[in-house]
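> If you scroll down you'll find the structure; I have some questions about it.
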Amino acid sequence: MTWNERLSRYDEIVLKCPRFERKGKTVPYTSANGHMFSLLNKEGELGFRFSKTVQEKYIKDWDAGYLISHNATMKGYVRIPEEMFSDLEQLAAYLNESFDYAMSLDPK
């Protein structure tokens, strides 16, 4: 899948979540309360932010890892495995869960 195809998928996922919108041009992301909670890096990898407990569960359940962006490990962001990109409804549910987590954080 090309970067543009992944961007299109990301946009489709975000459109299923009316409580927020996608931001960013070169590095697309979502944010709430001043906290970024999802992003699509330049390599086309998608990451969602979750609490530490949820991160550990999803990393294990999805056989995933932390998102790496600009050669830095994004602690807090679980990399979404490519095989999950086909289930947009489920990804939208995970993205909404990530939004709820961001909204639970103190505003920046």
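> Give the accessible area for LEU88 in Å² (nearest 10); use a 1.4 Å probe, count only protein heavy atoms, and leave out ligands, DNA and RNA.
Number for this one is 30 Å².
> While we're here: Share of the range 1-93's accessible area from carbon and sulfur, percent, 1.4 Å?
So the carbon and sulfur contribution to the accessible surface is 48 percent.
> Work out from phi, with θ = phi - 60° and the Karplus expression 6.51 cos²θ - 1.76 cosθ + 1.60, the ³J(HN,Hα) of each residue of the range 12-22, listed in order in whole Hz, and give x for Gly and Pro.
Values, residue by residue: 4, 5, 5, 4, 7, 10, x, 7, 8, 9, 6 Hz.
> Considering only ASN4, ALA64, HIS35, whose Cα is most displaced toward the positive end of the charge dipole of the chain, charges sitting on Cβ of Lys, Arg (+1) and Asp, Glu (-1)?
The Cα lying farthest towards the positive end belongs to HIS35.
> SER86: accessible area at probe 1.4 Å, nearest 10 Å²?
Rounded to the nearest 10, the figure is 90 Å².
> Hey, another quick one. If the only charges are +1 at each Lys and Arg Cβ and -1 at each Asp and Glu Cβ, what is the size of the charge dipole of the chain around the Cα centre, to the nearest 20 debye? Could the numbers behind the result be given before it?
Values: 15 positive and 16 negative charges, 99 e Å.
Dipole size: approximately 480 debye.
> Any idea of the accessible area per residue across the chain, 1.4 Å probe, to the nearest Å²?
Details: 6070 Å² over 108 residues.
Value returned for the chain: 56 Å² of accessible area per residue.
> Which far-off residues, 5 or more places away or on another chain, put their amide H under 5 Å from the one on PHE20, with H placed in the peptide plane?
none
> Considering amide H positions built from the backbone, and no H for Pro or chain starts, which residues 5 or more places from PHE48, or on another chain, come under 5 Å of its amide H?
Long-range HN contacts for PHE48: VAL78, ILE80.
> Among THR73, THR30, THR53, determine the one that fluctuates most according to a GNM of the chain built with springs between C-alpha atoms less than 10 Å apart.
THR53
> Now for a different question. Give the share of C-alpha pairs in each 10 angstrom bin for the range 21-108, from 0 to the last occupied bin, in whole percents, shortest bins first.
Result, from short to long distances: 18, 55, 26, 1 percent.
> Additional query: For TRP62, TRP3, give the ranking by accessible area with the largest first, probe 1.4 Å.
TRP3, TRP62
> Please identify the trypsin sites (Lys or Arg not before Pro) of the range 1-34 that satisfy two criteria: DSSP loop assignment and at most 15 other Cβ atoms within 10 Å. Which are they?
The qualifying sites are LYS16, ARG19, LYS25.
The values are calculated or read from the model by the stated rules, or taken from the named source; none is laboratory data. Remember, predicted model here, so these are calculated numbers, not experimental data. So basically every Cβ, Gly included, is an ideal-geometry build from the backbone, and we count neighbours across all protein chains shown. Remember, those area values only see protein heavy atoms, side chains included, never the ligands or the DNA or RNA. Shrake-Rupley method; radii C 1.70, N 1.55, O 1.52, S 1.80 Å.
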